[in-house]
Amino acid sequence: MEPKVNKERVIEALNSALEKELAAMVRYLHHSFIVIGPGRGPLVQLFRSLATDSMTHSIQIGEKITALGGHPSVKMEEIDEPGDQTLEEMLKEDLEMEKNHIEMYERHLKEFEKDLILKLMYEQIILEEVSHYENLEMYLRDYQPQPVHAR
Ligand SMILES: [Fe+2]
Ligand SMILES: [Fe+2]
């Protein structure tokens with residue numbers, strides 16, 4: 001189905017999203033490898049499942065690029081490599097990245113909303129990105145100073 005918007009521009013936007021999703025997948029895998037400490041078990045699962053979700057988004061977007069007659073990128077967005085990181089640093093970095101993805105997909109949704117199929121695709125991806133964001137934010141709440149209750 002031909003999109004009701006400029007196809008070249010859609011392919012360009014999808015490729016920039018693909019490069020971000022591929023980088024997110026690698027970054028989450030990396031975090032799953034380097035996280036240490038007594039809480040490692042569930043955190044490895046958290047990072048691996050976020051990596052899987054980023055791969056699912058990459059697949060969805062890559063398939064769409066080819067379907068539209070474009071060529072999916074093999075490049076990915078540059079990944080910061082600060083070396084060893086605390087869990088808090090990893091979670092904050094990932095939260096920032098999710099925010100960045102939500103903003104990008106919201107921009108793309110606005111730009112292409114005249115095309116129903118693209119609109120539905122972006123809405124579904126945005127819902128998932130927001131749930132990633134909210135989940136990471138809840139993990140990070142542990143690190144906020146807790147109010148001390150006066151007795
Ligand atoms: Fe994603
Ligand atoms: Fe995400």
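Gain on full extension, evaluated as 0.36 nm per residue between SER49 and GLU78 minus their Cα-Cα distance, stands at 8.3 nm.
Can you give the relative contact order of the chain as a percent, counting alpha carbon pairs under 8 Å and 6+ residues apart? List each step's numbers first, then the result.
On the way: 128 pairs, mean separation 42.7, N = 151.
Averaging sequence separation for qualifying contacts and normalising by length gives 28 percent for the chain.
I need the shape label for region 65-106. Rule: rounded when a/c is under 1.5, else prolate if a/b > b/c, else oblate, with a, b, c from the alpha carbon gyration tensor.
Working: a/c = 4.60, a/b = 1.95, b/c = 2.36.
Since a/c reaches 1.5 but b/c is at least a/b, the shape of region 65-106 is classed as oblate.
Once both labels are positioned 7 Å from their Cα atoms along Cα-to-Cβ, the gap between HIS71 and GLU8 label points is 1.5 nm. For LYS119, a cut-off of 22 angstrom between C-alpha atoms picks up these lysines, skipping any fewer than 8 places away in its own chain: LYS4, LYS7, LYS20, LYS64, LYS99, LYS110. Look at ASP94, ASP84, ASP53 and count the other Cβ atoms within 10 Å of each Cβ; fewest to most, that gives ASP84, ASP53, ASP94.
Here ARG40 and ARG107 are evaluated by their C-beta separation; at R0 = 41 Å the FRET efficiency comes out at 0.65. Highest mobility in the GNM of the chain, judged by mean-square fluctuation with C-alpha springs under 10 Å and restricted to LYS20, LYS92, LYS114, is found for LYS114.
The helix-only estimate of mean residue ellipticity at 222 nm for the chain, built from DSSP H runs of length n ≥ 4 each weighted as -39500 (n - 2.57), is -25500 deg cm²/dmol after division by the residue total.
Highest mobility in the GNM of the chain, judged by mean-square fluctuation with C-alpha springs under 10 Å and restricted to PRO72, PRO42, PRO82, is found for PRO82.
Tell me whether the chain comes out rounded, prolate or oblate; compute the Cα gyration tensor, take square roots of the eigenvalues as a ≥ b ≥ c, and use a/c under 1.5 as the rounded threshold. Because a/c hits 1.5 or more and a/b exceeds b/c, the chain counts as prolate.
Computed from the C-beta positions of GLU96 and MET1, the FRET efficiency with R₀ = 30 Å rounds to 0.25.
All of the numbers you see were taken from the coordinates with simple rules; none came from a lab. Bear in mind that the values here come from a model prediction, so they are computed numbers and not experimental data. Neighbour counts are summed over all protein chains in view; Cβ atoms, including those assigned to glycine, are modelled from backbone coordinates with ideal geometry.
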